[in-house]
1. Kindly establish whether R63 is among the basic types (K, R), within 23 Å of the chain's Cα centre (by Cα), farther than 30 Å from G155 by Cβ and modelled with pLDDT of 95 or more.
2. Given the conditions (1) among the small types (G, A, S); (2) at pLDDT below 95; (3) not in a loop (DSSP other than H, G, I, E, B), report the number of the one that A98 does not fulfil.
3. For the stretch 59-79, give me each residue that is crowded, with 18+ Cβ neighbours inside 10 Å and assigned to a loop (DSSP other than H, G, I, E, B).
4. Within the stretch 21-58, take every residue that is modelled with pLDDT under 95 and basic (K, R) and give me the one that is surrounded by the fewest Cβ atoms within 10 Å (Cβ to Cβ).
5. Could you grab me the full set of residues in the stretch 133-143 that are touching a residue at least 60 places away in the same chain (Cβ under 8 Å) and either surrounded by 19 or more Cβ atoms within 10 Å (Cβ to Cβ) or touching a Cys at 6+ places or on another chain (Cβ under 7 Å) (or both)?
6. Answer yes if at least one residue in the stretch 174-186 is charged (D, E, K, R) and either touching a Cys at 6+ places or on another chain (Cβ under 6 Å) or surrounded by fewer than 13 Cβ atoms within 10 Å (Cβ to Cβ) (or both), and no otherwise.
7. Determine if the stretch 176-185 includes at least one residue that is at pLDDT below 90 and not in a helix (DSSP H, G or I).
8. Scan the stretch 190-245 residue by residue and report those that are part of a loop (DSSP other than H, G, I, E, B), touching a residue at least 60 places away in the same chain (Cβ under 8 Å) and under 27 Å from Y124 (Cα atoms).
Amino acid sequence: MVYNSKFLITVGSLYQNSVCFQVAYKVWLESFGMYPLPMVKRVKQFWTSMKTWLSENFPEAYRTLCKGVSEAQLKSAEDDLGFKLPMPTKLLYRFCNAQLPFSEDHDANKSISTHGLIGGYAFYDHWVNVHLSPLEQIVEETKDFYREFPDVFHGRKFIVVATSWFRPKTFLLDCSNGELYVGTYNLTIGGMLPCVPKALIKPAENDLAQDGLLLWLEEHLRRLQNGMIKTRMLMTSRYISLYPEAPPSCSSAVTNGIKVVILHFLHSYLVI
């Protein structure tokens with residue numbers, strides 16, 4: 001296998017002080033050698049691009065991102081949950097442990113409530129803004145879900161990967177097949193919608209693997225980069241609005257001096 005020295009030296013903060021390829025390779029092998037190199041590069045590229053977009057367009061959300069977890073922390077989480085996490089998801093958390101967790105401090109939660117990486121929408125008094133959950137919050141909230149809804153989740157391998165501080169909105173990843181779901185109003189009785197076409201998900205443990213969470217986040221980033229979705233103001237705070245603002249998911253027309261905007265969700269890749 002041919003390794004790109006620039007990639008190995010910059011693959012993470014561990015390598016910033018590396019002075020040679022051999023040192024960088026040794027550090028990389030110890031930290032990421034258990035994962036296929038193409039997958040490591042893919043996930044690193046995602047986080048590098050996402051952090052760049054956030055730092056330039058939404059620094060408030062950028063400041064909520066957390067340092068990646070260790071392999072030992074992932075193993076501990078898997079032990080607590082009682083099942084393995086999909087490889088792409090584990091790599092996502094190795095590079096970045098999602099966002100700052102919500103706490104019991106109401107004021108602290110309110111100050112970051114609109115800074116969700118996944119974003120949301122607002123109409124009238126209905127506000128949704130979804131944060132990508134850090135590993136420790138995933139374990140805690142997943143256990144709470146299994147205790148609260150035993151009949152729905154018994155025997156299944158779901159984890160709660162994202163939540164909203166405003167009105168409830170929950171994203172769940174099925175660790176048995178890599179499918180990502182968003183809970184509906186009837187989540188308490190098992191109401192969920194798939195977020196990504198099943199045909200795109202590849203749960204294999206190799207460099208071709210891709211689960212619903214990675215695919216969703218990559219498409220989300222693409223839409224941010226091309227301006228299909230943007231940040232908007234909610235009261236005095238900015239947030240990522242998931243209402244599309246560019247074709248083919250959005251069209252507009254002016255009739256009698258009134259501009260009408262139509263959103264086309266029927267064939268949308270992202271389910272929110």
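The values are calculated or read from the model by the stated rules, or taken from the named source; none is laboratory data. Note that the coordinates shown come from a computational prediction; the quantities given were computed from them, not determined experimentally. Positions of Cβ are backbone-derived with ideal geometry, glycine not excepted, and every protein chain shown enters the neighbour counts.
1. So R63 passes the test.
2. Result: A98 fails condition (2) only.
3. Matches in the stretch 59-79: T64, G68, V69.
4. From the stretch 21-58, those modelled with pLDDT under 95 are 21-41; that's our starting set.
Now narrow it down to the ones that are basic (K, R): 26, 41.
Values: K26: 14, K41: 16.
Selected residue: K26.
5. P134, L135, I138, V139, T142
6. Taking every residue of the stretch 174-186 in turn, none turns out to be charged (D, E, K, R) and either touching a Cys at 6+ places or on another chain (Cβ under 6 Å) or surrounded by fewer than 13 Cβ atoms within 10 Å (Cβ to Cβ) (or both).
7. Yes, the stretch 176-185 contains at least one residue that is at pLDDT below 90 and not in a helix (DSSP H, G or I).
8. Within the stretch 190-245, C195, I229, L242, Y243 meet the criteria.
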